[in-house]
Structures are given as C-alpha cells and as structure tokens.
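See structure below.
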Amino acid sequence: MKPISASLQRPLLTRASVGVIGLSGIAILMAGLFGIPHEDSAILYSYSDNLANTGVISFYPGGPRAEGATDFGRMILIAALSGLGISNHLASALLNIAFISLLWWQFVQHFTPICSKPARNSCFALAVFLLIFLGSGAATSGLWGFSTIAVSALASCVLLMAAFTDLPPTGIAIGISLLLIRPDGIVWYGSIMLFALISRSFFGDLRGRNNLKRRATVVVRAILPLTVLAVYWAARWIYFGNPFPLPFYVKQGAVDGLVPWILASAKDLAVNPYQGMALILCICCWQLSRIYISPNNVESDPKELSATTTSSLKAAALPEFSRRLPILTAITAGSVVTQSFYLSRFVLEQNMNDRFHAPSLAVSAALLGLSAAAIMERCSTPGIRTPRLFLPMLLLVGCLMNYITNARMTIVYALEVITESTRNNILLIAKDLASLGRSGQASDRPLLLVTEAGRLNYYSKLPTIDAWGLNTASYSKMPLLDPTDIRRLAPDLIGLHGSSGKPNYAYVLEALSKSPPRRDWEEMTKAIVQGAVLSKNGLSYDIYMVPFFRTVDQPLHRF
C-alpha cells in the first residue's frame, strides 16, 4: 500500500492547519502588545526589571534579595529581552511563540524519517495541538503573562525526545530548559524520563542484553539535566538563603499524611476536567494506534521497499515509528497521573484557568497531534470492524463536549486580556503612584504594604512588603496576622484585595481581639485593617474602597 500523504498535501487541509497556527500566533502577539499582565505575572516582571536594571534579583529597586519569581529561566529571558528595549509583556508573548515554534520543529524532526513532506505533517500536528490546548482555555493564562505555554510546550518536546530518541545534545538542552524555566518542571521531566526508560527498556527498542550499553548511555544523558538543576539549586540556596522559593512555603500543606495525599490525588484525577481530558486522549491514542498504525496493519509493497529511493526508505521506517506510539501513550498517561500526585500536595492559589494542570492537557494534545498526522501519512485498515472504533469515537465525543464547555470562555478571557488596560482601577492607581518612585533612594520613597503583590508594585516601583509572603521572606511561612505589625512597619500606603467571590469589603472592618495562627486570607486582611485602625492616631490612615474595574454602578467609596 502506498503512502496516503497526499491527504496532508490537499490545499484545504494545509491552509486550515496554517490558519489555525496563524490565528493562534496573532492572538498571543495581540495579548502581548495590548494586554496587561495578571497580578502574579506582574510579580515576575518586577523581578526581571530589577535584574536587568540593578543586577540583583529583588522584588523592588534597591530591595533585598528575594525569590518570589519561581520561573527562574523565564525571568532571565525576559530580563535579557528587556535589555533590548522589548517590554516585558511583549517579551513574554514572543517567548510563547518561540516555544511553540520549538514544538513544531520537534514534530518536523520526528516526521522527517517517515514522510516526504515533514513540514506539512508537522503543521497539521501542531494545529491539532493548538486547537486542543489553546481552544479549551487551558493556555489562556499564558496570555496574561504566566509561563503556562512555555512549560507546556517544553514538556511536550521532552515527551517526544524521550520516546523517539536517545537524547542527543538538543534533547539534553530542552530538558535543561524545562527544569530551569520553572522549578516544578522537574515533575514533568522526571516522570517522562522515568516512564520512557522503563517502557523502552522492557517493551521497546532498549530491551535486551544487546542494548545494555545504549541503555546506560540514555540513562546518563537523562541525568545530565538533573545535575544542572542540582547545581542551580545549590547556587540559588546560597544566593537567597532559603532552601525553597518563597511561593513553595506559601502554597504547601494542602494535605497532611500519606493516605489523605493518595485520596486527594485520586480525586484530582477523577474531578479535574483537564486531567480527565488528558487521560481520555491517551486512551483514544492507544486504541487508534492499535487499530490504524500498529505494525500488523502497516502494509508495504515488496517492490517499493526493495527500491533504493527516499520514499521507500521512509516507508520502511514507518513500522518502527508505529511501534513507539503505544509507548508514547503510556509515558504520557504515567506523567499525567504523576502530576496529580504532585499538585494535590499544594494549595493552588492564583490558579487562573487551572494553569497548573494545563501541561497535562498539552502533552496529551501533542500526543494526539503526532498520532493523527502519522495515521494520515500512512495507514491500512483491512478487516477493521465498526465495534472496534466505537470506544475511541465515544471517548472523543465526550472529550469534545468537555472541550466545547471550556472553549466558550476562551474568547471571553482573550478579549479581557486585551481590554482590561482601559478599565482596571488598580492599574491606574499604580501608574499614578509611579511618580512617587522616580526620585530619591529606596529608603526615602513611600513604603507600600500589599496583600496582592503584583501590579501595584510593578507599575509604581515603590518599596513593597508582601503581607501574604510570596515576596517577603518574613511572611512566607505565615502571613501578617498580628495587627501590631502595622505600627512596627508604618507603611505609607496599604493595598488590600478582597477574598475571591466576596466583593463586599465589610468583613475587613470587623474587629478581632486575636487573629488565629493559621494561613487565611480573610484573617490576614482583618488583621491589617485592625492594625491600621489602632495606629490611626499616629499614622492617620484614610480608608478607600476602590472597585477593581471602572463601572458606573461601582463608585469609589471613602470611609
């Protein structure tokens, strides 16, 4: 049977794939040009600015060393682009496009041995990836400046490299990039490499005694990025004085004990929509690979294979490629499950559009894109009965319904990213405060105390204390719960953000005789307000209630 790669060369399918890729790139670029960063994204931008301008990793200009930006590698890259005159938010968008391009290049590398038009196949695979990953809303947080797209694209690249190669220098470099872009990239890198080595050693191309030397070489190459991570971790420990980044202390403690942890992980797999979609896609790819592109279904013309032509060599390479797809599926599923065990250990704050689970859907989308393009490149379906197709089709329909439910909000969020700069009061206040931070030493500038340490600090450049502890080490293990801290710190301005889902700020005015010693946003807010009231005679605080967005029915209130 001859390859049916002509299906991928049809103008309609090729143009549709390029159209999806182009629209995705335009959306990411528009968000970078006209949008504003989310509160937590603004935190990373503050660190990038200070690193570029002062050479010190600090939360505000002239401040002490701090590690609230956990995306170390991304902070470095944005700081470098900032030095070239590129704004931080645009730099973030350009990096997202660069990492997506890297994934496309990886598709090209793996399609080159098996098809005559690897670029076109790769466009189709990438279009499938983008439709699932961006269209479902999983990557919307990336438009707000988070590292969601970068981490997801790199994890997908590592998945392809681990399943199909023996980790050449490019694979090692991609692994190092994933580990340094964000520290919990070790969960994705470690789980993918572990499952890849196990599956390939027992069921794939690394099995048997004849492959002992090759297997040892792959293990050594897989460990090299972890060695780089260990060196970086030791260096950052010395530099910052803390064994872990500050957000790790803030977000830990979601469960206590092994059994609750296992139960929480199982619940995460069963309830989280992105984890569910990821596992459904894995099952679909497993079934489809067995039905359509398993070695038994790949037919080759003996005359074609005997010819010394490029097409015959590519046809001969397809069975080996096909054997790897079930292994790739197993690696993906194992990594998704591992991610649930990791994330269930933490309190996932600022989890916009469930950005922490987004890489699970991304690696599964990359798997589906690769499988779909390989199926269309060359397949044979003799004797396939309709019942064999029922399960994967039923699962895909369920996945599509879930996709449509999430995709409805994708356009809404994308538009909010672009339009929020015209109606956000916090942004306007922060820009007004910027005039206070342009002159004098840091010790002479007004001191700002905030509960949401993002845009107010980023745009004003004022010395800032983070009462929640993401950027202030003294509050990382326990937030500000003692009202007397207000008198001790004597901030010139206090910025409070209300609890999610509670727009009425009346609760912050409740007086407490004693704040309980626990990490709680409301208790921290009440303690700050109480401290400001107690200190009013000496510090003369005025209290304003400012709506987050500028609307007619939400005027500014003064108390």
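Observations
- Out of A66, A79, A93, sole residue that is of a type in the set (A, V, I, L, M, F, W, C), touching a strand residue (DSSP E or B) at 6+ places or on another chain (Cβ under 7 Å), touching a residue at least 24 places away in the same chain (Cβ under 8 Å) and buried (at least 21 other Cβ atoms within 10 Å of the Cβ): A66
- V151 vs. criteria assigned to a helix (DSSP H, G or I), touching a residue at least 60 places away in the same chain (Cβ under 8 Å), of a type in the set (V, I, T) and under 27 Å from A42 (Cα atoms): yes
- Against the numbered list (1) at negative phi; (2) modelled with pLDDT of 65 or more, E304 comes up short only at (2).
- Flag if S141 is in a helix (DSSP H, G or I), crowded, with 18+ Cβ neighbours inside 10 Å and among the polar types (S, T, N, Q): yes
- Residue check, S147 open to solvent by less than 10 Å² (accessible area, probe 1.4 Å), more than 17 Å from Y458 (Cα to Cα) and touching a helix residue (DSSP H, G or I) at 6+ places or on another chain (Cβ under 8 Å): yes
- Taken over segment 502-529, the criterion of being open to solvent by less than 30 Å² (accessible area, probe 1.4 Å) and modelled with pLDDT of 75 or more is satisfied by E523, M524, T525, K526, A527, I528, V529.
- Some residue of segment 228-248 being open to solvent by 50 Å² or more (accessible area, probe 1.4 Å) and within 28 Å of S122 (Cα to Cα): no
- Selection count where residues are open to solvent by less than 10 Å² (accessible area, probe 1.4 Å) and out of contact with any Leu (no Cβ under 6 Å at 6 or more places or on another chain), scope segment 472-501: 3
- Matching residues, segment 175-231, being of a type outside the set (A, V, I, L, M), in contact with a Pro (Cβ under 7 Å, 6 or more places away or on another chain) and in a helix (DSSP H, G or I): G175, W188, Y189
- Single residue of segment 108-118 satisfying the filter (farther than 19 Å from P169 by Cβ and out of contact with any Lys or Arg (no Cβ under 8 Å at 6 or more places or on another chain)) that is surrounded by the fewest Cβ atoms within 10 Å (Cβ to Cβ): K117
- Count of segment 195-227 residues which are under 25 Å from the mean Cα position of the chain (by Cα), free of Cβ contacts under 8 Å to residues at least 40 places away in the same chain and either open to solvent by 80 Å² or more (accessible area, probe 1.4 Å) or within 18 Å of G334 (Cβ to Cβ) (or both): 2
- Of the helices (runs of 4 or more DSSP H) contained entirely in segment 368-472, those carrying at least 2 residues that are within 26 Å of the chain's Cα centre (by Cα) and at pLDDT below 80 fall at 386-419.
The values are calculated or read from the model by the stated rules, or taken from the named source; none is laboratory data. The structure presented is a predicted model; accordingly, all values stated were derived computationally and were not measured. Neighbour counts are summed over all protein chains in view; Cβ atoms, including those assigned to glycine, are modelled from backbone coordinates with ideal geometry. Please note that ligands, DNA and RNA were not included when accessible areas were found on the heavy atoms of the full protein model with its side chains. Shrake-Rupley method; radii C 1.70, N 1.55, O 1.52, S 1.80 Å.
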